[in-house]
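Q: My questions all concern the structure below.
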Amino acid sequence: MLNLEKSAAAFAEAKSLMPGGVNSPVRSYRSMGSTPPFIAKAKGSKIYDIDGNEYIDYVLSWGPMVVGHAHDEVVAAINEAAALGTSYGAPTLRESELAKLVMSVYPSIQRIRMVNSGTEATMSALRLARGYTKRDKIIKFVGCYHGHSDSLLVKAGSGLATFGVPDSPGVTAGIANDTITVPYNDPEALTAVMKEHGSEVAAIIVEPVAGNMGCILPKQGYLSFLRNITTEYGALLIFDEVMCGFRASLGGAQAAYGITPDLTCLGKIIGGGLPVAAYGGKAEIMDCVSPAGPVYQAGTLSGNPLAMAAGIATLKLLTAEPEPGQPDTNRILTLKVKEILAAVDAAAKKYGVAVRLHQAGSMFGIFFSEKDVENYEDAEACDQEAFKVWFHSMLEQGIYLAPSQFETIFMSMAHSDEDIAKTIAAVDVSMKAVADSKK
Ligand code: HOZ
């Protein structure tokens, strides 16, 4: 039995200091009914708690740590930058270097603005879309999560889905009225909404591979349908690739599915574990952002030198040319995920458990369901009790997964063959535990 005595004491104290004991809700393990391990350190594919337990980490700080924790080159880049001053609030060469690195993989981004979090990126992209189109309404999809700005906390995924409160108190009716929600992967529903409101819609924002209602893939043709319908009505198409950027493929979902959005939001990986996000897209639209244009957005720590250094080092590792005849980093990550999912599939068949398995490059998800899972309603209908048994059994065996069915599992370059083998062995034990829990 996992000993979490010190973590439990630390959590009890944290609850008297922070709401629910945490600085971000899903971390609290509340929906799993248990105590979160308090983390002391992490290196490579492993994360260690203050009780001395070691885990193979598939949360990876909710996505950013794609080259593994505390990678020597990333740490060296941060240290080098720190020694030169931690913040200037002034332009630096590193900002342009990271911008060029991102644009080399995302040709749809002709201009980019660095911010500090995915929330800031999506919030700013929407303000820009409204400023550019001079329209007020936005459309988002039920179960897609785009951070916690007011307009986007309507029928949202991630922690809101985990805790069963997809609409947050504190969002005014006026703001909520400008946000129209439509089921994901449902072209008919969106067509009907556009017929009624299309001329008032500034933008459709979407996670092109959804990661915050679990990992859910767009149905064939769905993203090109979004591209066409936004063009038809003069609305912008915003891809929120904070999660699937550099994961669905190196060039994100837009490269994987061959769609050019008007604006893209990135985060997580581009900061290499430090707080960086960005929004960017067509020059004509981005040049409406202040000071080039009238749409205001600013930030003291935007383009912070340490954060830029971590992002540059991470992207250099991720986008490095492979040795001749060798697969690129995304292919390697993809194959590791395939190995794990094949084992999950085999174990599910062996023990008679119904699962639905999804993968987009280095992000993946497991739903306990007899039915295909294509949208939030499907995700909600999955067997969440089975997920709980699965989650706790995996944790007991040293496999650290997100404590919610409504999150995504991530792979890193640091996960070794030995890690994968250990994970596969744990999968068999945990799938049996799920089957036994049904007897
Ligand atoms: N909303 C994040 C995952 N989708 C969770 C962030 C965190 O708790 O650190």
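The values are calculated or read from the model by the stated rules, or taken from the named source; none is laboratory data. Everything quoted here is computed from the prediction, not taken from an experiment. Positions of Cβ are generated from backbone atoms using ideal geometry, with glycine treated the same way; all protein chains shown enter the neighbour counts. To get the accessible areas, we keep the full protein, side chains included, count just its heavy atoms, and leave off ligands, DNA and RNA. Shrake-Rupley method; radii C 1.70, N 1.55, O 1.52, S 1.80 Å.
Q: Normalised by the residues of region 334-421, what does the relative contact order come to in percent, with Cα pairs under 8 Å and at least six apart? Let's see the in-between values first.
A: Details: 87 pairs, mean separation 22.9, N = 88.
26 percent.
Q: Quote to one decimal, in nm, the extra length available between Asp287 and Thr300 on full extension: 0.36 nm per residue of separation minus the C-alpha distance between them.
A: Details: separation 13, 0.36 × 13 = 4.68 nm, distance 2.04 nm.
This chain segment gains 2.6 nm when fully extended.
Q: On the accessible surface of region 248-401, probed at 1.4 Å, how many percent belong to carbon and sulfur atoms?
A: Numbers: 3230 of 6050 Å².
Taking all protein chains in place, region 248-401 shows 53 percent carbon and sulfur surface.
Q: A further question on this structure: Take peptides 197-207, 241-251 and line them up by average Cβ neighbours within 10 Å, highest first, as a rough protection proxy.
A: Details: 197-207: 21.8, 241-251: 27.5.
In descending order of packing, they fall as 241-251, 197-207.
Q: A further question on this structure: Treating the beta-carbon of each Lys and Arg as +1 and of each Asp and Glu as -1, no other charges, what is the dipole magnitude of the chain about its Cα centre, to the nearest 20 debye?
A: Numbers: 37 positive and 47 negative charges, 54 e Å.
I would put it at about 260 debye.
Q: Let me have the relative contact order for the chain, percent, based on Cα pairs under 8 Å that are six or more residues apart.
A: Numbers: 883 pairs, mean separation 96.2, N = 439.
Computed value for the chain: 22 percent relative contact order.
Q: Positive end of the charge dipole of the chain (Lys, Arg +1 and Asp, Glu -1 on Cβ, about the Cα centre): tell me which of Tyr145, Ala348, Ala99 has its Cα farthest that way.
A: The Cα lying farthest towards the positive end belongs to Ala99.
Q: If you don't mind, there's one more thing I want to ask. Roughly how many Å² is the accessible area per residue of the chain, as a whole number, for a 1.4 Å probe? Numbers along the way, then the final one.
A: Details: 18060 Å² over 439 residues.
Counting only protein heavy atoms, the per-residue value for the chain is 41 Å².
Q: Just list whichever of Lys350/Lys438; Lys349/Lys371; Lys268/Lys338; Lys268/Lys422; Lys338/Lys432; Lys338/Lys439 have alpha carbons separated by over 18 Å in the model shown.
A: On the way: Lys350/Lys438 15 Å; Lys349/Lys371 15 Å; Lys268/Lys338 23 Å; Lys268/Lys422 27 Å; Lys338/Lys432 21 Å; Lys338/Lys439 30 Å.
Exceeds cut-off: Lys268/Lys338; Lys268/Lys422; Lys338/Lys432; Lys338/Lys439.
Q: Next question. Tell me which trypsin sites (Lys or Arg not before Pro) from region 337-399 have a DSSP coil assignment and no more than 15 other beta carbons within 10 Å of their own.
A: Values: sites: Lys338, Lys349, Lys350, Arg356, Lys371, Lys388; in loops: Lys371.
Listed in order of number, the matching sites are Lys371.
Q: Continuing with this model, one more query. Across region 66-205, how many lysine pairs, 8 or more apart or on two chains, come within less than 20 Å at their alpha-carbon atoms?
A: Working: Lys134/Lys195; Lys137/Lys155; Lys137/Lys195; Lys140/Lys155; Lys140/Lys195.
Summing the qualifying lysine pairs gives 5.
Q: Find how many whole Å separate the alpha carbon centroid of region 32-65 from the alpha carbon centroid of region 235-254.
A: 26
Q: Just check region 34-146 against the gyration tensor rule for me: Cα atoms, a ≥ b ≥ c as the square roots of the eigenvalues, rounded for a/c under 1.5, and otherwise prolate or oblate depending on whether a/b exceeds b/c.
A: On the way: a/c = 2.44, a/b = 1.38, b/c = 1.77.
Verdict is oblate for region 34-146.
Q: I've got another one for you. What does the extension gain come out to for Gln326 and Glu188, with contour length at 0.36 nm per residue minus their alpha carbon separation? If you can, show how the numbers build up before the last one.
A: Working: separation 138, 0.36 × 138 = 49.68 nm, distance 4.32 nm.
Length gained between Gln326 and Glu188: 45.4 nm.
Q: Just to be sure I understand: of the beta bridges DSSP finds with both ends in the chain, what percent are antiparallel, rounded to 5? Don't skip to the answer; put the middle values down first.
A: On the way: 25 of 42 bridges.
Around 60 percent of the beta bridges assigned by DSSP in the chain are antiparallel ones.
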